[in-house]
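The values are calculated or read from the model by the stated rules, or taken from the named source; none is laboratory data. Everything numeric here is computed off the predicted structure, so don't read it as measured data. Backbone-built Cβ (ideal geometry, glycine too); neighbour counts: all protein chains shown. Note: accessible area is taken over every heavy atom of the protein model, side chains too, but ligands, DNA and RNA are not part of it. Shrake-Rupley method; radii C 1.70, N 1.55, O 1.52, S 1.80 Å.
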Amino acid sequence: MTNLLEVENLTVKFPTRNGIFEAVRRISFSLGRERLGIVGESGSGKSMTGRAILRLIKKPGILEADRIALEGENLLDFSEKQMRSVRGHRISMIMQDPKFSLNPVMRIGDQICEAYRLHARSSRAEARKKTLTMLENVLIRDPERVFNAYPMKCLVAWGSVS
Ligand SMILES: Nc1ncnc2c1ncn2[C@@H]1O[C@H](COP(=O)(O)OP(=O)(O)OP(=O)(O)O)[C@@H](O)[C@H]1O
Ligand SMILES: [Mg+2]
């Protein structure tokens, strides 16, 4: 059976004032149908590995790999348009830090709706309903209130008094 994911010699590097910094250095692994955990100290390159697989390394960062194959298809050969149909449909990444992954000036519900509508092409009303169900499914209390809240409420409140 074809492996779900194969990563061969993946490197992510960034040019810095002191030369090239290698955030991920020639890693290879394959994933059959099982689950795979990558463990490492902070800054060891776990998130960069995930971003690289999704081809989300922003310039001036450089992604190099011999192959990143999803069910036998090399993602390195995919166009940006093809990658957009992979992201969120076939591979998803849950960003760990809301400070950097959520927009502080946009309501939580609107951010979830936006992502959902990009993939599902649904109406606003349908996306709203789906978003409330998703919040409920992950045991968020009072989904209606959370839908209308801002992710950085505490930070904003703190900023306004300091
Ligand atoms: N834009 C950048 N320019 C230079 N180096 C960067 C850049 N972005 C990230 N790095 C470096 O890449 C390395 C890998 O970071 P990464 O976020 O993948 O670590 P991590 O294993 O996910 O850590 P954590 O457990 O804290 O989430 C870190 O040393 C980080 O400082
Ligand atoms: Mg990380």
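Surface composition of the stretch 5-93: carbon and sulfur make up 48 percent of the accessible area, probe 1.4 Å. Scalar couplings 3J(HN,Hα) for the stretch 31-36, obtained by applying the Karplus form with A = 6.51, B = -1.76, C = 1.60 to θ = phi - 60°, are 10, x, 10, 8, 9, 10 Hz; x denotes Gly and Pro.
For the chain, lysine pairs with C-alpha atoms less than 23 angstrom apart, excluding pairs fewer than eight positions apart on the same chain, total 11. Could you tell me which residue out of 45, 15, 65 lies farthest along the dipole of the stretch 5-93 toward its positive end? Charges go on the beta carbon: Lys and Arg +1, Asp and Glu -1, centred on the Cα centre. So the residue we want is 15. Counting charges near residue 61 (Lys, Arg +1; Asp, Glu -1) among other residues having Cβ under 12 Å from its Cβ returns a value of +3.
With viscosity 0.890 mPa s and temperature 25 °C, the Kirkwood radius over alpha carbon pairs of the stretch 5-93 converts through Stokes-Einstein to a diffusion coefficient of 180 µm²/s.
Taking only the alpha-carbon atoms of the stretch 44-135, what semi-axes of the equivalent ellipsoid follow from 5 times the gyration tensor eigenvalues under a square root, in whole Å, largest first? Don't jump to the answer; show the numbers that get you there.
On the way: eigenvalues 151, 59, 23 Å².
Values for the stretch 44-135, descending: 27, 17, 11 Å.
Between helix 124-137 and the chain there is an angle of about 80 degrees, using the helix long axis and the longest principal axis of the Cα atoms. Once the other residues with Cβ under 15 Å from the Cβ of residue 48 are scored (Lys, Arg +1; Asp, Glu -1), what is the net sum? Once all neighbours under 15 Å are counted, the net charge is +4. Please work out, to two decimal places, the log10 of the ratio I(q)/I(0) at q = 0.15, 0.18, 0.20 Å⁻¹ from a Debye calculation in which every Cα of the stretch 91-158 carries one identical scatterer. Here log10 of I(q) over I(0) equals -0.50, -0.72, -0.88.
Evaluate the relative contact order of the chain (contact order divided by residue number), counting alpha-carbon pairs under 8 angstrom at least 6 apart; express in whole percent.
On the way: 192 pairs, mean separation 32.2, N = 162.
Normalised by residue count, the contact order of the chain is 20 percent.
Against the empirical 2.2 N^0.38 Å (N residues), the chain has a Cα radius of gyration ratio of 1.23. Computed on the Cα trace of the stretch 73-125, the radius of gyration divided by the Kirkwood hydrodynamic radius gives Rg/Rh = 1.03.
Computed from backbone phi with θ = phi - 60° and the Karplus coefficients 6.51, -1.76 and 1.60, the 3J(HN,Hα) list for the stretch 62-69 is 10, 10, 10, 7, 6, 6, 10, 9 Hz; x is used for glycine and proline. Computed with a 1.4 Å probe on the full set of protein chains, the accessible area for residue 21 sits at about 110 Å². For the stretch 99-161, the relative contact order comes to 48 percent (Cα pairs under 8 Å, sequence separation of at least 6).
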